[in-house]
Amino acid sequence: MNFPENLRYTKTHEWIAVQGTKVKVGVTEYAQKEISDVVFVELPKAGQAVQQAKMAAVVESVKAAFDIYAPVSGTITDANKALEANPGLINHSPYADGWIFELELSNPSELNSLMTAAQYHEAVQQAPKH
Amino acid sequence: MPYLSLTEEEKKAMLGEIGVRSFDELIKDIPVSLRDPKISLPSSLSEPEVQDLISKLGRKNTSTKDALSFLGAGSYEHFIPAAALEIVGRQEFLTAYTPYQPEASQGTLQAIYEYQSLMTELTGLDVSNASHYDGATSLAEAALVALKHTDRPKLLVARSVHPHYRETMRTYLAGTPYKVEEFGFNEDGNFNREEFVAKLDATVAGVIFQTPNFLGLVEDLEGVSEKIHANGSLMILTSDPLSLGLFKSPGEWGADIAAGEGQPLGLSMMFGGPYLGYFVTTQALMRRIPGRLAGLTQDADGKRAFCLTLQAREQHIRRERAGSNICSNQALCALAACAYMTLLGKKGIHEIAEINWDRANYLRNKIAGLKNFEVDTMQPIFNEFRVKSKKSFAKIEEKLMAQDIFPGVALETFYPELKDQFLVCATETKSKEDLDRFVEALAQC
């Protein structure tokens, strides 16, 4: 499974791309497989304040709804509107077109709590198999 | 249902598991005086004696079949075709109750789907749920949707919305940070436009109107949805669904949610329930709909099939983050409404609505001609209207009840300032002779 080296990860299966004081957030390839076909995404609004490890978005498949947590605290600056018309982008392109939201960091030290690709890979290996 | 026995051994095992020695120890926190109180009950009766007793009690009621009833105020007497009752009584529907294993309950799901389709047509909106318990809870659920969707803390509600609905809404919101603010109605019974506009501020999540309102008047809602939407709020309308056969639909008024009481659609008055809450909204709010939704789909072989859909909204999946705690619906009552609407058809519903309008207007004009009574005349009515009496309504009621006429519902019960005013309802069940008899009796008061 593909976990790009340049990204950071959470144990709740979000990926984070750091670009200066802004970070882009999506879900990992592992997560999109577990969620299965995404049919709806509830996006956060720009200007909304979010807290690390607290819910920021909801991804819905046919049978379940999954909370997507903010990997770090900050203020939402953008959300991927393309997901409203085409939620399947999360399945087809989890690391690029399927990004979910972007936020402005309020506490850069929180980045230290995130996992590297290798650490995340190991965590996923240990996850119970269905 | 099998009777589940509880042997001494089983009791012992269960008590042991909890960690107490005896049943008395289990309930030791309950004061001894409360444990086995003496309850004074009459001695037992045989089956025929019970039947006699119940029939005797039953005869104490005067049904609307035995009297001339002009009672409405949220529960209406209508003619229900025998064919509708026959459909509802079929055991495939009557005993199936609820689709616990939905995909195996195709007939029930199809009936719900058809009910939903009919409701969207009647209200002029996009998506209907499978129904709620009654109009009051349905409207309260609509209020919750507005609060959550807009993330604002306040509801603005017309005081001419059914008093019981407003009370239920307050109960729903008790203990939450949400607030309900009301705007009043004018002397003529219509909502106070100035007060509505003045109270429509940035904290308002949704505005709730009833039309025809509780006083029976069809509200003029021209320009109202534009004002509400410009403010970023939702518009919620509650209407007698049968009135929509004649008057503008919630969709045409620009409402975001239509929620209310479905009893007029083929359910008898039944002492106040079970009734049917309808809830219909726009596609934009589809994922916030409370409760159950039936959908049309295809099975693995590509054949038409019905399913429960958009379930990720619901409590059994979203848990505490679900928008509503409602997981069930009033399936049999929705089926009754479905059968009623289908039997009447588009033309029939329009005709029934017209007859209601005609009877109520005939009666209103007649009462307007009596010297001790006044009626509202500023706005159109559907099948109900307000009468202002110059004499004590309690006395009038007493006098007419003695002649087996129920003259109407006292408004003072709900609005203390509306002393000696009452609500009169005349549906298609009343003939011209019935109406004339009522007017004559009132003339003697």
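Springs between alpha-carbon atoms under 10 Å, Gaussian network over chain B: tell me which of B:ARG193, B:ARG170, B:ARG304 tops the mean-square fluctuations. Highest fluctuation among the options: B:ARG304.
As a calculated quantity, the FRET efficiency between B:ASP151 and B:LYS391 at R0 = 60 Å, using C-beta atoms, amounts to about 0.70. Summing Cβ point charges (Lys, Arg +1; Asp, Glu -1) relative to the Cα centre of segment B:118-254 gives a dipole of roughly 480 debye. 3J(HN,Hα) along segment A:69-83, derived from phi through the Karplus expression 6.51 cos²θ - 1.76 cosθ + 1.60 where θ = phi - 60°, amounts to 9, 6, x, 9, 7, x, 10, 5, 10, 7, 9, 7, 4, 4, 5 Hz, with x in place of Gly and Pro. Sites listed here are GluC sites (Glu not before Pro) in segment B:390-445 whose DSSP assignment is loop and whose Cβ has at most 14 other Cβ atoms within 10 Å: B:GLU417.
Placing +1 on the Cβ of every Lys and Arg and -1 on the Cβ of every Asp and Glu, with no other charges, gives segment B:105-182 a dipole of roughly 400 debye about its Cα centre. Shape verdict for segment B:17-66, please, from the Cα gyration tensor: rounded (a/c under 1.5), prolate (a/b greater than b/c) or oblate. It is prolate, given that a/c is not under 1.5 and a/b is the larger ratio.
Note on B:LYS430: aspartates and glutamates with a C-alpha under 16 Å away, same-chain residues under 8 apart excluded, are B:ASP66, B:GLU77, B:GLU351, B:GLU354, B:ASP358, B:GLU384, B:ASP404, B:GLU440. Put a plus charge on the Cβ of each Lys and Arg, a minus charge on the Cβ of each Asp and Glu, and nothing anywhere else: the dipole of the protein assembly as shown about its Cα centre is then about 560 debye. Under 24 Å Cα to Cα from B:LYS391, which lysines show up? Leave out anything in the same chain fewer than 8 places away. Candidates past the 8-residue exclusion: B:LYS366, B:LYS371, B:LYS399, B:LYS419. Each of B:LEU45, B:GLY189, B:LEU246 was placed along the dipole of chain B (beta-carbon charges, centred on the mean Cα), and the one lying farthest toward the positive end is B:GLY189. Just how far, in whole angstrom, is segment B:334-377 from segment B:227-287 if you go by their alpha carbon centroids? Measuring centre to centre over Cα atoms gives 18 Å.
Straight-line reach only, C-alpha to C-alpha below 18 angstrom: list the lysines that B:LYS154 could link to, leaving out same-chain residues fewer than 8 apart. Within reach: B:LYS179, B:LYS199, B:LYS227.
Among B:LYS303, B:LYS199, A:LYS24, a tally of other beta-carbon atoms within 10 Å of each Cβ gives an order, fewest to most, of B:LYS303, B:LYS199, A:LYS24. Extension gain, B:LEU45-B:GLU92: 0.36 nm per intervening residue step, less the Cα-Cα distance, totals 13.4 nm. When the charge dipole of the protein assembly as shown is built from unit charges on Cβ atoms (+1 for Lys and Arg, -1 for Asp and Glu) and taken about the Cα centre, the candidate among A:ALA96, B:GLY175, B:VAL224 whose Cα reaches farthest toward its positive end is B:GLY175. Looking at segment B:340-445, the trypsin sites (Lys or Arg not before Pro) that sit in a DSSP loop and have at most 12 other Cβ atoms within 10 Å of their own Cβ are B:LYS371, B:LYS390, B:LYS391.
According to the square roots a ≥ b ≥ c of the eigenvalues of the Cα gyration tensor, what is the shape class of segment B:131-227, taking rounded for a/c under 1.5, prolate for a/b larger than b/c otherwise, and oblate for the remainder? Oblate, since a/c reaches 1.5 and b/c is not below a/b. Which residue fluctuates the most in chain B, going by a Gaussian network model with Cα springs under 10 Å, if the choices are B:THR137, B:THR427, B:THR95? Sorting by GNM fluctuation, first place goes to B:THR95. In order along segment B:264-279, phi translates into HN-Hα couplings of x, 8, x, 10, 6, 5, 6, 6, x, x, x, 10, 9, x, 9, 8 Hz, rounded to whole numbers, per the Karplus curve 6.51 cos²θ - 1.76 cosθ + 1.60 with θ = phi - 60° and x for Gly and Pro.
Read-outs: derived from the displayed coordinates by stated rules, not from any lab. Since the model is a prediction, treat every value here as computed from it, not as a measurement. Using ideal geometry, Cβ is built from the backbone for each residue, glycine included, and neighbour counts are taken over all protein chains shown.
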